Amino acid sequence: MERRWFPAMLVVAVMLPAAAEGLVRHYKFSVVMKNITKLCASKPIVTVNDKFPGPTLYAREDDTVVVRVVNHVSYNVTIHWHGVRQLRTCWSDGPAYITQCPIQPGQSYIYNFTLTGQRGTLLWHAHITWLRSTVHGAIVILPKRGVPYPFPKPYKEKTIILGEWWKADTELVLSQSVKSGMPPNTSDAHTINGYPGPFPNCSSQGYTLHVESGKTYLLRIINAAVNDELFFKIAGHNLTVVEVDASYTKPFSIDTIFIGPGQTTNALLAADQSRRNYIMAISPFMDTVVPVDNLTATGIMQYTGTPASAPAVKASIPAINATSVEFSFIDSLRSLNSKQYPANVPLMVDHSLFFTMSAGVNPCSTCVNGSKLVAALNNVTFIKGVYTDDFPGNPPTPFNYTGTPPSNIQTTNGTRVYKLAYNSTVQLVLQGTSIIAPENHPTHLHGSNFFAIGKGLGNFDPNKDPKNFNLVDPIERNTIGVPTGGWTAIRFRADNPGVWFLHCHLEVHTTWGLKMAFIVEDGDGPNQSLLPPPADLPKC
Ligand SMILES: [Cu+2]
């Protein structure tokens, strides 16, 4: 699709953002190295503005956000605004080599996008190699001025960013893994707002959430971990979930939140227990045989008037393989689906797609075993190249996906995308497989939210399972876990022209090629085409 941009069209493009009713908010992100000590060891890390986690980006619905990113480090950098729809502005989306070439050392790029029809918590993170391990932060989108939350106004709001920490340089962890063809080392700790809490052989500080008795707090919880899905809980307190991935939910009360990398959860916390200290804990979820960092990170919820040194009420940590705890959270999620915030689930489907998600092993003459681990959607391992628009809508060879794995587990390499006409509707069944090991894949779609209309264990049954789809109030989000040895069905409307990445948000699987892209074509209407690329779009 070749297109030329004439000066007149550029004028139109410049005029458009001004038509939005919100404010323009300017931010500067300086990407710089910083020495950090954690787990009683120091290392230089890549940060934004010297901060870990990075700065919080605040805006309101309909505001335009302009972020000038200046790269002062020796790595190529991009920033992704995870969950921001980027209507007509895929140039500001950020995944390296999908919508932009990286910002090279010494260079800069201005991300410019409008937060149309979105409010809630999202995150930003680097979207190249494994830099997002330390380059991430919160995006807080408040409702339009004068528009209340659809839940009681909290006394205060607190952002809680969950992360994963390696003592080693994560770029080295990545490059050693790619070179050897073996799995990367698991992390050494999990972190809450950057703090791992008490750690074996290191009396490390934990995060403290100060609360006043009788008040209610809104926690904006973000999983910015690289490879780990997490449970979050606070001893002695239930949480009332009101939003996920910047979409309001029907409120529900639960004692443990399940949150995958790239996901966000807003929950109300009522400080209604006796004035003491309570443990806040994050622990990994892994219900298969894959090795994982199994350390719990803890912080403290401290009531005003309680000494910091007072013993804390302990939290009961879910078992690492507690699938039932995962499901009781996921199965409680429903869209608010109110008059003001309707769930516009596509009821007709133009493209019915079925993607298998699998690991695999491909030959590699320079690797340790002469082979390397890879991953694929419909047996296509996504690699860098010139794209073709022939990504298969179904597995090339159907098999018993969750049964005994096939003996040939080699994948094909490709840079294949799937083309969608403007405003077409998509149903996508993501099917886990048992190849090497069945595994949970938190899968992220750029450029659109989707509705999670169904999930199940085993193989998706196209005759039986659609009868149980929820087309009334399914949860709307941008990242969804595909259960271990099971499937998830999503629907979305392709109303955002551009190139949109779909990938597993476990960085290890993205590295291995568990990714593809949709190309949504321009529509015919006046606001239905991709805006021209900005003049400072980085070159490769
Ligand atoms: Cu995955």
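The values are calculated or read from the model by the stated rules, or taken from the named source; none is laboratory data. Fair warning: this is a prediction, and the values are worked out from it, not measured in the lab. Please note: Cβ atoms are built from the backbone with ideal geometry, for glycine as well, and neighbour counts cover all protein chains shown.
Structure summary
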quantity	calculated
Where Leu162 falls short, out of the listed (1) more than 26 Å from Ser247 (Cα to Cα); (2) at pLDDT 95 or above	(1)
All positions within segment 205-220 that are closer than 24 Å to Ala246 by Cα and assigned to a strand (DSSP E or B)	Leu209, Thr216, Tyr217, Leu218, Leu219, Arg220
Criterion (within 30 Å of Thr415 (Cα to Cα), touching a strand residue (DSSP E or B) at 6+ places or on another chain (Cβ under 7 Å) and acidic (Asp, Glu)) met by exactly one of Asp63, Asp93	Asp93
Selected residue (only one of Pro396, Pro392 is surrounded by 15 or more Cβ atoms within 10 Å (Cβ to Cβ), over 28 Å from Ala322 (Cα atoms), more than 16 Å from the ligand (Cβ to nearest atom) and more than 24 Å from the chain's Cα centre (by Cα))	Pro392
Subset of segment 124-168 that is touching a His at 6+ places or on another chain (Cβ under 8 Å) and in a loop (DSSP other than H, G, I, E, B) - its residue that is farthest from Leu514 (Cα to Cα)	Val135
Gly197 vs. criteria touching a residue at least 60 places away in the same chain (Cβ under 8 Å) and part of a loop (DSSP other than H, G, I, E, B)	yes
Any hit, segment 454-471, residues being under 30 Å from Tyr387 (Cα atoms) and within 12 Å of the ligand (Cβ to nearest atom)	no
Any chance Thr484 is touching a residue at least 24 places away in the same chain (Cβ under 8 Å) and either more than 16 Å from the ligand (Cβ to nearest atom) or over 28 Å from Ser332 (Cα atoms) (or both)	no
Residues that are under 21 Å from Ala343 (Cα atoms) and touching a helix residue (DSSP H, G or I) at 6+ places or on another chain (Cβ under 9 Å), drawn from segment 428-443	Val429
Pairs where the first residue, in segment 438-452, is within 15 Å of Val244 (Cβ to Cβ) and within 11 Å of the ligand (Cβ to nearest atom) and the second is among the polar types (S, T, N, Q) and outside any strand (DSSP E or B), C-beta under 8 Å, 6+ apart	Pro442/Gln263; His444/Asn478
Pairs, first within 7 Å of the ligand (Cβ to nearest atom) in segment 501-514, second among the hydroxyl-bearing types (Ser, Thr, Tyr), C-beta under 9 Å, six or more apart	Cys504/Thr443; Cys504/Thr510; Leu514/Ser358; Leu514/Thr381; Leu514/Thr443
Selection from segment 376-390 of residues that are closer than 22 Å to Val508 by Cβ, touching a Gly at 6+ places or on another chain (Cβ under 9 Å) and not polar (S, T, N, Q)	Ala376, Leu377, Val380, Phe382, Ile383, Gly385
Where a residue in segment 37-54 is more than 14 Å from Val70 (Cα to Cα) and its partner, wherever it lies, is part of a strand (DSSP E or B) and among the aromatic types (Phe, Trp, Tyr), with Cβ under 9 Å and at least six apart	Lys38/Trp165; Lys38/Tyr195; Lys38/Phe199; Leu39/Trp165; Leu39/Phe199; Cys40/Phe199; Gly54/Phe29; Gly54/Trp124
Residue, farthest from the ligand (Cβ to nearest atom), within segment 399-437, restricted to residues that are among the polar types (S, T, N, Q) and either within 22 Å of Tyr97 (Cα to Cα) or within 23 Å of the chain's Cα centre (by Cα) (or both)	Thr425
Qualifying residue in segment 224-240 (condition: surrounded by fewer than 22 Cβ atoms within 10 Å (Cβ to Cβ), of a type in the set (Ser, Thr, Tyr) and in a loop (DSSP other than H, G, I, E, B))	no
For Asn378: the one exception among (1) within 16 Å of the ligand (Cβ to nearest atom); (2) touching a His at 6+ places or on another chain (Cβ under 8 Å); (3) of a type in the set (S, T, N, Q)	(2)
Matching residues in segment 486-516 - criterion: being surrounded by 23 or more Cβ atoms within 10 Å (Cβ to Cβ), of a type in the set (Gly, Ala, Ser) and touching a Ser or Thr at 6+ places or on another chain (Cβ under 9 Å)	Ala494, Gly498, Gly513
Residue list for segment 256-282, filter: under 19 Å from Gln205 (Cβ atoms) and either part of a loop (DSSP other than H, G, I, E, B) or hydroxyl-bearing (Ser, Thr, Tyr) (or both)	Tyr278
Selection within segment 335-391 - among the basic types (Lys, Arg) and not in a loop (DSSP other than H, G, I, E, B)	Lys372
Some residue of segment 100-123 being on the phi < 0 side of the Ramachandran plot, in a loop (DSSP other than H, G, I, E, B) and touching a Cys at 6+ places or on another chain (Cβ under 6 Å)	yes
Subset tally (residues that are out of contact with any strand residue (DSSP E or B) (no Cβ under 6 Å at 6 or more places or on another chain) and of a type outside the set (Val, Ile, Thr)) for segment 326-347	10
Checklist (1) touching a strand residue (DSSP E or B) at 6+ places or on another chain (Cβ under 8 Å); (2) aliphatic (A, V, I, L, M); (3) more than 16 Å from the ligand (Cβ to nearest atom); (4) assigned to a loop (DSSP other than H, G, I, E, B) applied to Ala535, failing item	(1)
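Rundown of residues vs (1) closer than 17 Å to Val241 by Cα; (2) charged (D, E, K, R); (3) at pLDDT 95 or above; (4) touching a His at 6+ places or on another chain (Cβ under 6 Å), yes/no style:
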{"residue": "Ile259", "(1), (2), (3), (4)": "yes, no, yes, no"}
{"residue": "Gln263", "(1), (2), (3), (4)": "yes, no, yes, no"}
{"residue": "Ala270", "(1), (2), (3), (4)": "yes, no, yes, no"}
{"residue": "Ser274", "(1), (2), (3), (4)": "no, no, yes, no"}
{"residue": "Tyr278", "(1), (2), (3), (4)": "no, no, yes, no"}
{"residue": "Phe285", "(1), (2), (3), (4)": "no, no, yes, no"}
{"residue": "Val292", "(1), (2), (3), (4)": "no, no, no, no"}
{"residue": "Gly299", "(1), (2), (3), (4)": "no, no, yes, no"}
{"residue": "Gly305", "(1), (2), (3), (4)": "no, no, yes, no"}
